[in-house]
1. For the range 1-16, give me each residue that is surrounded by 14 or more Cβ atoms within 10 Å (Cβ to Cβ), in contact with a helix residue (DSSP H, G or I) (Cβ under 8 Å, 6 or more places away or on another chain) and outside any helix (DSSP H, G or I).
2. Considering only residues that are under 22 Å from Glu8 (Cβ atoms) and open to solvent by less than 60 Å² (accessible area, probe 1.4 Å), which ones fall in the range 18-40?
3. Restrict the check to the range 22-43 and report whether at least one residue is among the small types (Gly, Ala, Ser) and in contact with a strand residue (DSSP E or B) (Cβ under 9 Å, 6 or more places away or on another chain).
4. Which of the residues spanning the range 33-70 are closer than 19 Å to Ala20 by Cα and among the polar types (S, T, N, Q)?
5. Quick one: how many residues across the range 41-70 are free of Cβ contacts under 8 Å to residues at least 12 places away in the same chain, open to solvent by 80 Å² or more (accessible area, probe 1.4 Å) and among the aliphatic types (A, V, I, L, M)?
Amino acid sequence: MKMVTESELAKIVGAANVSADPAVLDDYAGDHSFVGKVRPAFVAKVDGLEAVKKLVTLAQDSGMPLVPVS
């Protein structure tokens, strides 16, 4: 698995839409399922189908897990 960088994500969704802030990552670390909390490396907010396609391709190519949250 290749580690994806913040700058790679920023190229797709814009720097303002990528966060590595620990407080933000903690907010996205869990849900209401039975799975324990897992802190993501980044949070990327997407606006538009093209950005979603590019993120999915990046995740596939790098082996990076991609967890959609609405």
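The values are calculated or read from the model by the stated rules, or taken from the named source; none is laboratory data. All figures in this text were calculated on a predicted structure; none of them were measured in a lab. Ideal geometry is used to build each Cβ from the backbone, glycine not excepted, and the neighbour counts take in all protein chains shown. Side chains are part of the model used for accessible areas, which takes the heavy atoms of the whole protein and leaves out ligands, DNA and RNA. Shrake-Rupley method; radii C 1.70, N 1.55, O 1.52, S 1.80 Å.
1. Val4
2. Scanning the range 18-40 gives Val18, Ser19, Ala20, Val24, Leu25, Ala29, Pro40.
3. No: zero hits.
4. Ser62, Ser70, listed by residue number.
5. 2
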